[in-house]
Amino acid sequence: MKAGLPVQSQTQISQIIAQSIASIVKPPEGPKEAVEPEPPAADVAEAESKPLGACPSCGMELAQFRNTGLLGCPECYRAFESVLAPLIERAHEGSTHHTGKSPRMGTTVCGVAGASVASGGAGASGGNEKMLKAFRAERGKRLEVLKRQLAESVSGEQYEKAARLRDEITRIEREVQAMDTTALSSPGPAENAGEQA
Amino acid sequence: MSDVGSVFTSRQVANGASWLSAAAGDSDVVVSSRVRLARNLVGHPFPKKASRAQKQQVMELIRARVQRLARVAPGDEAAAPASKGALAWIDVHETTQADRMLMVERHVISKEHAQGDSPRAVAISFPDERVSIMVNEEDQIRLQVMCAGLQLGAAFEQADLLDSLLGGLRPAGHAAGSTGGAGGGAPVPDDTDDYLRYAFSPRFGYLTACPTNVGTGMRVSVMLHLPALRLTGEIEKVRRATKDMNMAVRGYYGEGSEAAGDFFQISNQTTLGKPERILLHEFESEILPHVVEYERKARAFMVTKRRKQTEDAVFRALGTLRYARRLTPEEALPLFSQVRLGILAGLIDDVQVNTVNQLVLLTQPQHLQRLLGKELDQDKRREARADLVREWLKPKA
């Protein structure tokens, strides 16, 4: 009896990041390769036009991040934002912004931060709408990407993949719809928060 | 090798782990559920980049807050819901190698956390070991809640609440001295001043050492037992499908390990862009049920359409476990898997699922040595493993 299947390691995305970073921070050597499979053109241009120094807070350099896949301190996110943003987007299915819990506001039923602060309902509602808007924008962007991939799969006759993409699109559309409904019918922050068991 | 000065008593070790209890929902397929949150503090470098002194400083800040929680925890369900015991603080770098390996085998710390001698700690909820908070792992805080069977919602609620309490929120209606339940409402800002200031950006969320954890910092995972899907050769489909949904598939022993004995861990890869509860909902309601149903159908198929082959395989496995005089872990785990399948498919009726679950834990090297109270070389461990299994699976006269 075989012991089992070799399984994929969690580090895979880290490797993608490390590789992308490598392509960004390595100075171009000799003639450029003719074909790049997935050109991180925007990132490269950005990084080359504005070379980034070390993180002012911890001294971490991008080259170190390339080697380890780990940043040095929270401030690194600010110091390397222009390089990190596209990498993070790629690692997180096209997401660019956090839409969940925040330290002083907690989580809620539909995940809109701010709605869970029982003692500050009025002040929080503006934040909710902002969060909802950001979330919808996120989903909209993701839908665009998926629909493009769907069109490509259909024209490439990859029907199994197309079917999966279509399911994912339906799922996201329902999710957005559900969020809209939740937001509209939300009885108020305090009541809302206890619902999810 | 005695209990004196050890993290665990022999009784705790012999009792197995609560997250392997087979009483919970869907535990025929879902062995355990886990929710993990990654957090760091503002103004302090991540552990890999931090000096010894900086790590010590971070550890003291976290220790103070955790111990404050621990003081209110006993008997206070609001502060530590579903976790009856207090959080015990353990300086991992000061524990013995044996204790560290025991903690790794019990899944309360990671392999990485067991290595090295720089300041690091873990806070564990005893006696259930449901909660563990690793300090100075890849991130300064790795808070996990682990439950038996499919209980992701419960695991999340507890992790979320503990995280809120550490980070400056307290349960609504939970004034000082009150014992009001946490279910009554959402947390409100804490009025004390020693809460942990988490590193957080409005754009990227909770900031983590590795950008793959940024955002919610939340990793949701389940350990699945999928023997029938492997036997029918359909496990590849599951792997491909989960991969397409951006899930990671790993083995019993976590990152980089083989899916030995048909035990698989599935977890989310994406941590940014979706609110925690949506992420959880997708995982629990839209991905898992398909896999669970798929395995159940495959089991039904094995029992009806391939009954003799299945019986032959599971009883051979049981026979080997009942009569072997030496067992390696590599041999034992797939046999446990077969026997577990045999019990759940109704073919074996004189062994409990729980017995097999706990044997998977107790036959690991450090557990064996602690149970016998002495260090054993590899050869002796093989004999001890077979002895223990024989004893536990002895046919009833």
key: Within region B:1-56, considering residues that are assigned to a loop (DSSP other than H, G, I, E, B) and within 13 Å of another protein chain (Cβ to nearest Cβ), the one farthest from B:Leu196 (Cα to Cα)   = B:Ser51
ask   = Mind checking which pairs have a first residue in region B:377-397 that is within 25 Å of B:Val353 (Cβ to Cβ) and part of a loop (DSSP other than H, G, I, E, B) and a second that is aliphatic (A, V, I, L, M) and modelled with pLDDT of 95 or more, Cβ under 7 Å, 6 or more apart or different chains?
value = B:Leu393/B:Leu321; B:Leu393/B:Val351
task = For region B:21-57, name all the residues that are out of contact with any strand residue (DSSP E or B) (no Cβ under 7 Å at 6 or more places or on another chain) and of a type in the set (Lys, Arg).
result = B:Lys48, B:Lys49, B:Arg52, B:Lys55
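This table checks each residue for (1) within 15 Å of B:Asp387 (Cα to Cα); (2) modelled with pLDDT of 95 or more.
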residue	(1), (2)
B:Val291	no, no
B:Arg316	no, yes
B:Thr320	yes, yes
B:Ala324	yes, yes
B:Thr328	yes, no
B:Gly342	no, yes
request  = Need at least 1 residues that are modelled with pLDDT of 90 or more per element, so show me which strands (runs of 3 or more DSSP E) inside region B:150-268 make the cut, counting only ones lying wholly within it.
outcome  = B:218-225, B:263-268
message = Suppose we keep only residues that are surrounded by fewer than 16 Cβ atoms within 10 Å (Cβ to Cβ) and in a helix (DSSP H, G or I) within region B:64-92. Which one would you say is modelled with the highest pLDDT?
response = B:Ala64
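I'm checking my understanding of the structure. Among residues of region A:153-192 that are among the polar types (S, T, N, Q) and part of a helix (DSSP H, G or I), which one is modelled with the lowest pLDDT? Outline the logic, then answer.
So in region A:153-192, the residues among the polar types (S, T, N, Q) come out as A:153, A:155, A:158, A:170, A:177, A:181-182, A:185-186, A:192.
Then drop every residue that is not part of a helix (DSSP H, G or I), which leaves A:153, A:155, A:170, A:177, A:181-182, A:185, A:192.
Working: A:Ser153: 87, A:Ser155: 90, A:Thr170: 81, A:Gln177: 69, A:Thr181: 52, A:Thr182: 47, A:Ser185: 38, A:Asn192: 34.
Checked region A:153-192; the qualifying residue modelled with the lowest pLDDT is A:Asn192.
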ask   = In region A:77-108, which residues are charged (D, E, K, R), at the interface with another protein chain (Cβ under 7 Å from one of its Cβ atoms) and touching a helix residue (DSSP H, G or I) at 6+ places or on another chain (Cβ under 8 Å)?
value = A:Glu93, A:Lys101
message = Scan region B:199-210 and tell me whether some residue there is facing another protein chain (nearest Cβ under 7 Å), touching a helix residue (DSSP H, G or I) at 6+ places or on another chain (Cβ under 7 Å), among the hydroxyl-bearing types (Ser, Thr, Tyr) and crowded, with 21+ Cβ neighbours inside 10 Å.
response = no
inquiry  = Any residue in region B:304-321 that is among the acidic types (Asp, Glu) sitting within a Cβ distance under 6 Å of a residue that is not in a helix (DSSP H, G or I)? List the pairs, counting only those 6 or more apart or interchain.
reply    = B:Glu311/B:Leu347
ask   = Based on what the data block shows, is B:Leu41 of a type in the set (A, V, I, L, M, F, W, C) and modelled with pLDDT under 90?
value = no
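The values are calculated or read from the model by the stated rules, or taken from the named source; none is laboratory data. Keep in mind it's a predicted model, so treat the numbers as computed, not measured. Quick reminder, even Gly has a Cβ in these numbers, built from the backbone with ideal geometry, and neighbours come from all protein chains shown.
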